[in-house]
Each structure stands twice: as structure tokens, then as C-alpha cells.
Amino acid sequence: MRLTSVALLLALARTVSAQAPPSPAAHKISAAPLVGLVDARELASFVDTLITAQLAKEHIPGAVFLLVQNGKVGYGFGNIERLKRVDPETTIWRIGSISKVFTATAVVQLADRGRYRLTDDVNRYLTRFKVPATFPEPVTFEHLLTHTAGFDEIRPGTRAETAAGVLSLGDFLASKLIRLRPPGRTISYSTYGVTLAGYLVEQVSGMDFESYLTRNIWLPLGMTRTNIVVPDSLRADLAQGYEYDNGANKPADWEWYHTTPASSINATAADMGRFIIAHLQNGQYGNTRIMSANAASDMHRQHMTSHPKLAGFTYGFYEEHTNGERLLEHGGNVEGFSAQLTLIPARGIGFFIASQHEPAHLRDVVQAALLDHYFPAPPPVPPTPMPGYRERAPRFAGTYELNQFCHTCGPDRREYPRVEVKANADGTISITGNPQPLVEVSPLFFRRVDGTGGAAFREDASGRVTLLAGDSWIVFERIK
């Protein structure tokens, strides 16, 4: 592990308005040498230019960026109207689905303490209700953490109208666990599975979910400004969410979720840095250990993938392979906010970014630019097609929909993103959104013709192609 000390502060506070770019005089930079690949001053210059340009391009009023390899960087305003600067230590952001990583950490932690095995049938620990016996195979903790439990993703229905209307996890889940698939076979990103994991934390520990996280993860790591229910003493430090509409940033409404373990944590960048350090150091932060090194190492290894040549899921994190680097990451979006947590374990580096605007591209732009800047991609190797690829290409043509759609909601269900797969005359296939055609290099597995990226298909017992999968959570179900 290259990260040998608590992160030194590299804070860059910038005054950013929604109407005009900041002046150079607004910079306040304190930089200290970093141990490893990233130099503090070079990082500050690179990230400053990058984020400033993207904030202006997307009309985002504020953001925070933190890189752990001994550094933290904060940018922008938390609130337009009060013109309050973002402080990496104190400004609290909504992190949305990054909450799932905390839930997975809690589940692995309890297993590490001997309270259950991750391969146990979860019904052994449920008393009020049980997972239905729709299939002979039981649902395990491992299935919940790898999004392979096979539950229907019922939408709408996960949100409450008010804080008072948020149901307890047991009340919410009791009638919502509908099994569509045998467990352990198909990745389908699942809010319900992770919410059940959080409820199991409650059942096994005897504490409510937030109390468990506070006592066993947040306070041991010094994350004193991380929470689900924001206490009155910290409300003034909440970043205000905004959405850009008709040429203006408008305050976003707060979203309340019944699916608390999957959706509802709030944190500062500095607190997220402490969490990153603990994961990069295999469960240890300073003199505190939240799980054994063996448990942390197991949490970080791949436990499920749609194909051996694709990135998959660890426990809680999804993988990405970019520029020859293996990333562990999770994004999060709620109304008014967008956030991203990324680890590069082999490099001892991690970073966190949050901003206003739920559909913001800032986090993707920053991550791609950082990886290209510090870890350039090796030259791609053009693929070699398998014999008979030209004749096989038409088998894969069709319409595919992201398999998270609700299968039991009837004809008026919410439609999820769809892609079209077309067979080309030269034997390649084209997939909506892919900049390059793909060619089959081994049965059911394709590479882009420029040598980057891959996709896998699955067929049923009759030989009909039924699924299209990319890295980690990206799985489409054939509907036409």
C-alpha cells in the first residue's frame, strides 16, 4: 500500500458564480509534495483548468474534488444564493447510490466479525418476512452485494413525498421482493437487493441502519459529518442542489427514499477521503481497522461478471478497466446532485467528486481526463475475427432494453434505455452509442474493430440470443 499517512490538505477554494467565470485572483492554493505518481502543484494546475472549464460549460454552480494520495482539493460554491464557498472539510453533499458501497462495507464487516457467512441463505436471518421460494436456489448475502439476487426493480415506488413518509426498511420491503430470475446468474443493478442488505444489517446487529453505520464505520474513521438524517447542527453546511432549466440554475427539491441503504447518505469530501483511505489500506485508517485485511481484500476482488473478459462486480463496487488500469468505483445521482467515487487499488490512489446537477457530465469528464493524463492508454491491438463471424452476425440483431426495467408493472411501466444491434454487410455489428462497430472474436464475445472495448451476448437453451452485456452493471435484455 503506497498511502502511508493521513492525506495532507491540498485545498483550492474558488469563487464560482452561475453567471460568470471566476477571476484568477479568486485562487487560494496550498500545495504539498505528494508521495507517488501525482505531484500536488501539477495536479492543482491540471484539475483547476479542467474543472473550471467544465463548470462553465455545464453552468454548474459548485463542485468538490478530492484525490487521495496525500491530497484533497475543493472547488466552488455550495449555495448560489448565499455565495458560500465549498469547503472540503465542512460542505455536505448528497452522494446518492454511492450509499451502496457503505452498505456493502457494513455487510462484509459483520461477516468478518462472524455474524454470518456471505454464502448464507438470507432467509435464516429474516423473521418478519422471507424471500419468496420462487426458485429452489436461495438468495445469499453475496447475491445482494453483486446485484445477482434476481429481484424485480419496481419503479416508481422507491420515493416518499416527505421525510415523515419514509417507511422503515421492514415495512417497505415486506411486500416488494419479487423474484424474476434464479440467483447468481445474471447481473441486474438492484436497489431492492441492496436495500434488503441494509435491512439484514439491522436484523443481525439489532441497531437501526444509520446507528450501525455511525458506530461501526463513520465514527471509527472520523467521518463526523456523514449522515442519513442531517442533524440541525449541520444543516447550514448542506450544499444546495440545483438543476439548470431555461437558462438559470433553480434550487432542486430534496428527495426522500424508502431505499435508504441504496440511496440516502450525505457526506463531505474530507469524510469520503477517510473512507477511501480505509479501503485503499485494506480496512485500516491510521490506528483504526474496520475490517480485517483478508475481508477487505476479498471485498475488492471480482465476484461476478457477465463474461470473463469483461469488468464485473466486487462486493459493492463495480469494476472498470480503463487505460490498462483496474478501477473500483460507484456513481451516485439524486435530484440536484451528481457524485463519483473511484479507487485505483494497484496505484494506491482514489478520488471523489461531487457537484450540482443530477445529469452533470463533470464527473465523467474529470475521471477520463485524469486517467488519460496520468495513466495513458497502451496502443490497442486490433481483434482477430473468429471463423464464421460473417454468417453469425445476423443472429445478434435486435432491440435490447436495460434489464433493470420493472417486469411486473404492466404495459404502462417506465421504459429504460434501449439499444439497437444491427448486422453489417462486412460481418461486424453496430450497437447504438458505440463509436466503432464490433466483431465476434470468440463465441458470443465481440471486440470493437479498433481494439478497445468489448461486449458479450448470452443465448438460451434453444440457441436464441437473449442478453447483451457490457462491463459491470451494463446488461440489456432482448425485447425484439
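Residues that are open to solvent by 10 Å² or more (accessible area, probe 1.4 Å) and among the small types (Gly, Ala, Ser) occur in the range 193-205; there is at least one.
Those helices (runs of 4 or more DSSP H) of the range 161-216 in which at least 1 residues are within 20 Å of Ser97 (Cα to Cα) and touching a strand residue (DSSP E or B) at 6+ places or on another chain (Cβ under 6 Å), considering only elements entirely within it, cover 191-205.
Per-residue answers, yes or no, for (1) under 30 Å from Val334 (Cβ atoms); (2) open to solvent by 60 Å² or more (accessible area, probe 1.4 Å); (3) among the polar types (S, T, N, Q); (4) touching a Ser or Thr at 6+ places or on another chain (Cβ under 9 Å):
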{"position": "Asp121", "(1), (2), (3), (4)": "no, no, no, yes"}
{"position": "Arg124", "(1), (2), (3), (4)": "no, yes, no, no"}
{"position": "Phe129", "(1), (2), (3), (4)": "yes, no, no, yes"}
{"position": "Phe135", "(1), (2), (3), (4)": "no, no, no, no"}
{"position": "Asp152", "(1), (2), (3), (4)": "yes, no, no, yes"}
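Taking (1) closer than 30 Å to Gly247 by Cα; (2) open to solvent by less than 30 Å² (accessible area, probe 1.4 Å) in turn, Pro359 satisfies each apart from (2).
Okay, residues lined up against (1) closer than 21 Å to Thr105 by Cβ; (2) in a loop (DSSP other than H, G, I, E, B); (3) among the acidic types (Asp, Glu):
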{"site": "His307", "(1), (2), (3)": "no, yes, no"}
{"site": "Tyr315", "(1), (2), (3)": "yes, yes, no"}
{"site": "Glu320", "(1), (2), (3)": "yes, no, yes"}
{"site": "Arg326", "(1), (2), (3)": "yes, no, no"}
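Within the option set Ala311, Ala346, Ala339, being among the hydrophobic types (A, V, I, L, M, F, W, C) and open to solvent by 10 Å² or more (accessible area, probe 1.4 Å) holds for one residue only, Ala346.
Here Pro417, Pro394, Pro387, Pro380 are screened, and the one residue that is modelled with pLDDT of 95 or more, at negative phi, surrounded by fewer than 19 Cβ atoms within 10 Å (Cβ to Cβ) and out of contact with any strand residue (DSSP E or B) (no Cβ under 8 Å at 6 or more places or on another chain) is Pro387.
The values are calculated or read from the model by the stated rules, or taken from the named source; none is laboratory data. Computed from a predicted structure; not experimentally measured. Positions of Cβ are backbone-derived with ideal geometry, glycine not excepted, and every protein chain shown enters the neighbour counts. For the accessible areas, the whole protein counts, side chains as well, though only heavy atoms, and no ligand, DNA or RNA atoms are used. Shrake-Rupley method; radii C 1.70, N 1.55, O 1.52, S 1.80 Å.
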